[in-house]
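The structure appears right after this line, and notes come after that.
The values are calculated or read from the model by the stated rules, or taken from the named source; none is laboratory data. Bear in mind the structure is a predicted one, so any value in this text is a computation, not a measurement. Cβ atoms come from the backbone with ideal geometry, glycine included; neighbour counts cover every protein chain shown.
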Amino acid sequence: MGLYTYPGGRIFCGFCSVQLMIVYAFDVRELQAVGGPKWMSSEAYDVAAVPPEDSPARSLKPGSISTPPSSEQRLMLQSLLMDRFGLKYHRETREGPVYWMVRTKKRFAATLAKDKDGVPFMTVATYHDGVGNGEMMGESTTMAYMARRLSDLLKLPVIDKTGVEGAFDFDVPAPEPANADPMNATLEGIKQLGLKLESRKGPVEYVVIDEVAKPTEN
């Protein structure tokens, strides 16, 4: 489940909704893709795509299948959505609630990444029912990537205002391992790293879905 990239430019999106494909294609968070019918987020598809022989993407050698798609691959995925799903859209910038991620007076507790060129990773450990020990872990994580992951977890745009450069590793224990709420564990975890979130208002760019249709069978 999810989008994976392979040498030679091949992309596979397993059990992906159209909503999720739009997220990958336009490099936005799920909350930034709005409009469209309900089936767009409930029905799932498997998509396998290979770029043309003369495409620069053919020379790609991602370090991991979790490496994000290149800008060219995103454009090709956008074309696929327009060709096969009849996607029509426009972009809007709206004022709305956001979080600023900023430094606190506490020492920044993450350590420089062992592999500074590694694929960024960050998670809050939970079980399948959404309740787990709440441990927060990251590898080769930049502040920009952390802000993106926090946007997904908190369902609001998070903007990096830390001024911290580089990639980091961290492993933050849960505040209450026996009964940790994932969101509280996330907020507490970043505090332990020497960061905090401030509620603000700011411009948020949205991809607004005007038209989309279920594809015909291959």
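Among helices (runs of 4 or more DSSP H) entirely within segment 11-108, having at least 2 residues that are crowded, with 19+ Cβ neighbours inside 10 Å and without any contact (Cβ under 8 Å) to a residue 24 or more places away in the chain singles out 18-26.
So which of 98, 102 is β-branched (Val, Ile, Thr), modelled with pLDDT of 90 or more, over 19 Å from the mean Cα position of the chain (by Cα) and in the same structural domain as residue 140 (by TED's automatic domain parsing)? Steps first, please.
Working: 98 fails: over 19 Å from the mean Cα position of the chain (by Cα).
Only one candidate qualifies: 102.
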